[in-house]
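Worksheet: one structure, shown below.
Values quoted throughout were computed directly from the atomic coordinates according to the rules given, and no laboratory measurement underlies them. What you see is a predicted model; the values in this text were computed from it and never measured. For neighbour counting, all protein chains shown are included, and Cβ atoms are generated from backbone atoms with ideal geometry for every residue, glycine included.
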Amino acid sequence: MRLREFPPRFLTGAYILHTGLDKWHGQEATAKAVHNMAAGAYPVFKDLSPARFLRLLAAGEIATGAALLVPVVPAWLAGAALTGFLGALLGLYARTPGLRKPGSIWPAQPGIAVSKDVWMLGIGLGLLADSVSSRRAD
């Protein structure tokens, strides 16, 4: 891991790992709420039970957070994991009615909590871009 990668990887990885660990021990009400929102945006999740969905989501967050935190994981791989995770999260933002102002990409009040995570997408894309430009320089 290059020194310039450390701050965004550490801070983002710690945040995502923490949210994953919280979800791993989530309550039934949390599982239902998160599952309903995700199944509304991605119908493929409708057949999963809320508890199973929350466990799978938690596992994905834990794996993504760990990939960012572990220095031996290459930046391109950590960036790809983060970009994929955030792509799905921002897809949920785009597909869920009421999160955006009508006819706009900008968030309505209920969508701010999800839309603000766009900064993590920028970090993932930055890690990927830096890896590509570093390979070309070598």
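Structural remarks
- Contacts under 6 angstrom Cβ, first residue in the stretch 90-106 being in contact (Cβ under 8 Å) with a residue 60 or more places away in the chain, partner outside any helix (DSSP H, G or I), 6 or more apart: none
- Pick from the stretch 83-138, criterion among the basic types (Lys, Arg) and part of a helix (DSSP H, G or I), ranking: surrounded by the most Cβ atoms within 10 Å (Cβ to Cβ): Arg95
- Looking across the stretch 46-82, the residues that are surrounded by fewer than 20 Cβ atoms within 10 Å (Cβ to Cβ) and charged (D, E, K, R) come down to Lys46, Asp47, Arg52, Arg55.
- Just so you know, in the stretch 1-44 the residues that are in contact (Cβ under 8 Å) with a residue 12 or more places away in the chain and not in a helix (DSSP H, G or I) include one that is surrounded by the most Cβ atoms within 10 Å (Cβ to Cβ), and it is Gly26.
- Scanning the stretch 64-82 for residues that are assigned to a helix (DSSP H, G or I) and without any contact (Cβ under 8 Å) to a residue 24 or more places away in the chain gives a single hit, Leu77.
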